[in-house]
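One structure is given here, and the rest of the page talks about it.
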Amino acid sequence: MTDTARSGLPDNEILGYRFPGGRYTIAHWENFLLTDCTTAEQLPDGLVHPVALFHVPILGSGINIARLFEVCGAEGPGSVGLDGYDWEYFSRLRVDSEYDVQGSIVHWEHMLDEKGNAYDAMKFAIELRDVANGNAPVARVTNSWRFRRQHGTAAYKRPAEKTAETASTTSQSIAEFAVDGVDAQRMKTMAAILRDPYRVHWDRAATAEMGLGGRVINQGPLNLSYIVNALHAFGGAGCVRRLTVAFHRPVFDGDRVVAGGEVVGAETFVGCSVRRVDVWLRRDDPTPGEIVVSGTALID
């Protein structure tokens, strides 16, 4: 496949593509609706739910999901996948605080999956800074997406084999957080908050066309939010300092999912001692025990 075989910018213009940049203030109503979508109670003291780090950086940097699809040449329903997030929280996000937001596309690579299907791996990184506090760093996100391609060329390569990590010998389990039935209506509200035009989150006809039976797909930030809710119940509101996760399988409306984790050690994050937690989201119904999200968190 050549650049002219798909829509979007040429490869040499995608890597390093800078977003316009701008400023963003998280409104009370916005945080209220976002938190409600996660099924959690509202957080105290004007704290913003940590999954705001999906839409706030994108919108604040002067771009949107639809524009990212255009730049990278999305090829239609089901052509965009979510690989993972790496979100760092240098201080707590709060409503009514103004943030300066800047970002760009930092990775673009032609890849083949385990079945030999072609896709383009993309990462974008965005930083938030507190305007009222001398532009002090508040948060940084690095999001990984894949754009599936109908055709590949010799430029598409398989990724290098990952080295297995040694498991910790001691751990402390955190209480699980369960969602008995993922709610399609909350997905619609979330799509509006995210300004997300991807039909698979709110249009049953789109997923029927993909052979998925017309069940809509839960947004990645909502899947991650269930893990955050479990962490908050364990460590307190605002305890999350970093989230690094991979997404393995989609979650559909009606699924029963359970978030959990294990404290496996301690380390230092921006000069502070934090706990390292292995985290996951498990689907219990209709596929018992299936891990759909996994990764690590750093918490106070």
Practice task
List the longest stretch of the chain that has no exposed loop site; here a site is one of the trypsin sites (Lys or Arg not before Pro) assigned by DSSP to anything other than H, G, I, E or B, with at most 16 other Cβ within 10 Å.
Solution key: 1-114
Completion exercise
With +1 on the Cβ of every Lys and Arg and -1 on the Cβ of every Asp and Glu, the dipole magnitude of the chain about its Cα centre, in debye rounded to the nearest 20, is 380 debye
Practice task
For segment 100-247, would you read off the P(r) tail past 20 Å as a percentage of all alpha carbon pairs?
Solution key: 68 percent
Practice task
Choose one answer from N135, N31, N218: the residue with the largest mean-square fluctuation in a GNM of the chain with alpha-carbon springs under 10 Å.
Solution key: N135
Problem - Stokes-Einstein D (µm²/s) once Rh is taken as the Kirkwood radius of segment 1-161 over alpha-carbon pairs, at 4 °C in 1.567 mPa s - result: 76 µm²/s
Practice task
Please list the radius of gyration and Dmax for segment 208-248, considering alpha-carbon atoms only, with Å as the unit.
Solution key: 14.4, 42
Exercise for the section: Classify the chain as rounded, prolate or oblate, taking a ≥ b ≥ c as the square roots of the eigenvalues of its Cα gyration tensor: rounded when a/c is under 1.5, otherwise prolate if a/b is larger than b/c and oblate if not. Expected result: rounded
Handout entry: Within the chain, longest stretch clear of exposed GluC sites (Glu not before Pro) (DSSP loop, no more than 10 other Cβ within 10 Å)
Key = 166-300
Fill in the blank from the handout: With -39,500 (n - 2.57) per DSSP H segment of 4 or more residues and division by the full residue count of the chain, the 222 nm estimate, nearest 500 deg cm²/dmol, is -5500 deg cm²/dmol
Handout entry: Cβ-derived FRET efficiency at R0 45 Å, D113 paired with V270, nearest 0.05
Key = 0.80
Fill in the blank from the handout: Contact order relative to length for the chain, counting C-alpha pairs under 8 Å separated by 6 or more residues, stands in percent at 18 percent
Exercise for the section: Compute the length gained on full extension between R148 and A192: take 0.36 nm times their separation in residues and subtract their Cα-Cα distance, giving the result in nm to one decimal. Expected result: 13.4 nm
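Laboratory data are not the source of any read-out in this text; all were calculated from the coordinates shown. Quantities reported herein were computed from a predicted structural model and do not represent experimental measurements. Cβ sites come from the backbone with ideal geometry, for glycine too, and all protein chains shown count toward neighbours.
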